[in-house]
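Each remark here refers to the structure printed beneath this line.
Bear in mind these aren't lab numbers, they're just calculated from the coordinates by the rules spelled out. As the structure is a prediction and not an experimental result, all values here were calculated from the model. For neighbour counting, all protein chains shown are included, and Cβ atoms are generated from backbone atoms with ideal geometry for every residue, glycine included.
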Amino acid sequence: MLQTRGRKRCVWGVRTAWNTVGDGEFFCPDCGGDRNYRRRTGRRRLTVLGIPVLARGDVGPVVECAACQARFGTEALDHPTTVRFAAMLRDAVHTVALAVLAAGGASSRTVRVTAVRAVRAAGFDDCTEDRLTTLIDALAADAGRLPGAYGGAADPADPCGAALAIELHEALEPLAPHLAPAGREAILLQGARIALADGPYSPAEREVLTIVGGALLIRPEDTARLLTTARTPS
Ligand SMILES: [Zn+2]
């Protein structure tokens, strides 16, 4: 025998030549954190004695973690990074707070204070009553944005404004699939507590919170139950 067992194993093989086609940051499920990734496609070749002899097709694209080198399908990019997730969460609470204020509670100091507390706790440390009211006034001045809300001419068919509903969906829907049910409910309950700070829900507040529940993928009956639970603190 001319070859040792060890060398024999190396006679035939498949080698993949990887080509990097992009990069960015993602959440690596293997090493568990925000990491750089390389998006790569590969070309497989059958090798004999290390020499490529036959094309065996393309592989990928795959996402390769720069830290641990683990490879994933491109669906790994659907999961937001920790930084992005935190920003989405902060924006969600901010948008819900604004929406509830815009639904009519902004004139009450208790409501404004509760809203500021929620928005600050979500991560906007510099949120103040003034900033929130400035935003609400700007929204209210933009007639196309908040028709009927916050002292404007009420349109009974559209009490909280179609544009505001779109805003809520845009802020909440991308986040919802990445949150556990308790996390989604917590956002709704924060909105509910802001609305309740000056007494029972107004019809407009209830409507806004129902939209919030829907955008957070909470079932309508669960949204209704949570809004009732929030009303009666144990
Ligand atoms: Zn990794």
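Taking 0.36 nm per residue of sequence separation and removing the Cα-Cα distance, the Thr16/Arg231 pair yields an extension gain of 71.3 nm.
Averaging the sequence gap over all C-alpha pairs within less than 8 Å and six or more residues apart, then dividing by the number of residues, gives the stretch 2-78 a relative contact order of 28 percent. A straight line joining the Cα centroids of the stretch 23-55 and the stretch 190-208 runs 51 Å. For the chain, averaging the sequence separation of C-alpha pairs within contact (under 8 Å, six or more residues apart) and dividing by the residue count gives a relative contact order of 15 percent. Of the complete DSSP H runs in the chain, those spanning 27 angstrom or more by Cα along the long axis with a mean Kyte-Doolittle score not below 0.5 are 82-102. Per the Kirkwood formula applied to alpha carbons, the chain shows a radius of gyration over Rh ratio, Rg over Rh, of 1.25. Judged by the ratio a/c of the largest to the smallest principal axis of the C-alpha gyration tensor, the stretch 32-152 counts as prolate, that ratio being 1.5 or greater while a/b is larger than b/c.
Taking 0.36 nm per residue of separation and subtracting the current Cα-Cα distance, fully stretching the chain between Asp23 and Ala162 would add 46.3 nm. For Val59, the amide hydrogen comes within under 5 Å of the amide hydrogens of Gly42, Arg43, Arg44, counting only partners 5 or more places away or on other chains and with H modelled in the peptide plane. Site pair Glu129 and Ala67 shows an inter-label distance of 4.3 nm when each label is modelled 7 Å from Cα along Cα→Cβ.
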